[in-house]
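Engineer: Below is the structure I would like to discuss, written out as structure tokens.
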Amino acid sequence: MTMVIPAATKRLALPDVTLCAATSVNVLATLHALEASLAQVDFAACLLFTDAQVRPDHPGIRIVPIQRLASAQAYSGFLLGHLGHYIETSHCLVVQWDGHVLDARRWDPAFLEHDYIGASWPQFSDGHDVGNGGFSLRSLRLLQACQSPDFAASHPEDVAIARTHRRWLEQQGLRFANRALANRFSSERAGDPAASFGYHGVWHMPRLLGVESFWDLYRTLDDRSTIRHDLGRVLKQLWNGKGGAGRALQLLADRAADAMRR
């Protein structure tokens with residue numbers, strides 16, 4: 001079943017939030033995530049940090065040239081060490097190619113009372129379980145704290161913020177959302193996309209976008225590494241759609257080819 005993503009009758013205005021993404025791969029899919037978010041929300045600005053030579057169709061997306069992010073570690077380094085230099089609003093919303101705003105009507109002004117919100121991590125039970133960086137709200141204060149000499153940047157960047165240095169960040173007066181609020185903000189491994197403002201995770205996409213739209217997006221990817229972790233869940237959804245057997249076989253063939261290249 002495809003989830004229908006509603007068009008808000010009145011666009012949500014977030015003048016204190018900058019929408020942003022940083023990538024050197026899956027650039028077209030990342031542009032789609034930005035466009036899907038902009039379709040429902042008026043942000044103060046929308047920035048795509050990339051080395052790719054690309055011209056967005058959407059007039060609200062501004063390309064900010066950066067050096068190539070050649071690895072996931074380089075991505076973490078950019079977000080922790082450089083993103084804060086570009087943000088001029090109190091908060092920014094970080095998205096990746098496999099996540100975007102779902103329903104602007106689920107926005108809660110309380111989100112902006114926190115310095116970091118991402119989907120909760122169900123694998124942790126120690127209270128430091130918020131959260132995922134792939135669709136996350138971060139304050140400028142948090143970005144600046146991450147650039148402090150006292151913050152030892154590491155990969156992955158969301159674990160560095162939400163677990164490794166969370167206690168230190170809280171000692172600086174920064175606020176993390178609790179699990180309940182985080183699950184209303186975003187769904188990933190926990191939470192329900194039908195009840196959250198946004199989401200992150202490729203395994204949600206065939207249902208949320210529809211199999212046809214997901215497949216069109218999938219064919220633009222030049223880096224499919226994130227799919228391998230949830231290959232079975234994606235395969236099951238593709239199998240049940242039109243032409244599903246062929247697409248499932250293509251997905252498996254792509255996975256084998258990617259494994260041989262590594």
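The values are calculated or read from the model by the stated rules, or taken from the named source; none is laboratory data. Remember, it's a predicted structure, so these values are computed and weren't measured experimentally. Virtual Cβ from ideal backbone geometry, glycine too; neighbours counted across all protein chains shown.
Engineer: Have a look at Arg233, Arg224, Arg189 and point out the one that is surrounded by fewer than 17 Cβ atoms within 10 Å (Cβ to Cβ), within 17 Å of the chain's Cα centre (by Cα) and of a type in the set (D, E, K, R).
Structural biologist: Arg189
Engineer: While we're looking at this one, here's another question. Report, by residue number, each residue of the range 240-249 that is surrounded by fewer than 16 Cβ atoms within 10 Å (Cβ to Cβ) and either at positive phi or in contact with a Lys or Arg (Cβ under 9 Å, 6 or more places away or on another chain) (or both).
Structural biologist: Gly243
Engineer: Give the residues of the range 160-177 that are in contact (Cβ under 8 Å) with a residue 40 or more places away in the chain and under 19 Å from the mean Cα position of the chain (by Cα), sorted by residue number.
Structural biologist: Those that are in contact (Cβ under 8 Å) with a residue 40 or more places away in the chain and under 19 Å from the mean Cα position of the chain (by Cα): Ala160, Ile161, Ala162, Phe176, Ala177.
Engineer: Are any residues in the range 60-81 over 15 Å from Asp158 (Cα atoms) and either of a type outside the set (Lys, Arg) or in contact (Cβ under 8 Å) with a residue 24 or more places away in the chain (or both), and if so, which ones?
Structural biologist: Result: Gly60, Ile61, Ile63, Val64, Pro65, Ile66, Gln67, Arg68, Leu69, Ala70, Ser71.
Engineer: Can I ask one more? Could you grab me the full set of residues in the range 129-147 that are touching a residue at least 60 places away in the same chain (Cβ under 8 Å), more than 10 Å from Leu93 (Cα to Cα) and not aliphatic (A, V, I, L, M)?
Structural biologist: Correct list: Asn132, Gln144, Cys146, Gln147.
Yes/no per residue for (1) out of contact with any strand residue (DSSP E or B) (no Cβ under 6 Å at 6 or more places or on another chain); (2) within 27 Å of Ala44 (Cβ to Cβ); (3) buried (at least 19 other Cβ atoms within 10 Å of the Cβ):
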{"site": "Gln123", "(1), (2), (3)": "yes, no, no"}
{"site": "Arg141", "(1), (2), (3)": "yes, yes, no"}
{"site": "Cys146", "(1), (2), (3)": "yes, yes, yes"}
{"site": "Thr164", "(1), (2), (3)": "yes, no, no"}
{"site": "Leu169", "(1), (2), (3)": "yes, yes, yes"}
{"site": "Asn178", "(1), (2), (3)": "yes, yes, no"}
{"site": "Ala182", "(1), (2), (3)": "no, yes, yes"}
{"site": "Phe185", "(1), (2), (3)": "no, yes, yes"}
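Engineer: Let me ask you something else. Checking the conditions here, which among Asp98, Asp51, Asp42 is farther than 20 Å from Leu142 by Cβ, charged (D, E, K, R), surrounded by 21 or more Cβ atoms within 10 Å (Cβ to Cβ) and modelled with pLDDT of 95 or more?
Structural biologist: Asp98
Engineer: Kindly list the number of the only condition in (1) in a helix (DSSP H, G or I); (2) in contact with a strand residue (DSSP E or B) (Cβ under 6 Å, 6 or more places away or on another chain); (3) not charged (D, E, K, R) that fails for Ala194.
Structural biologist: It fails just one condition, (2).
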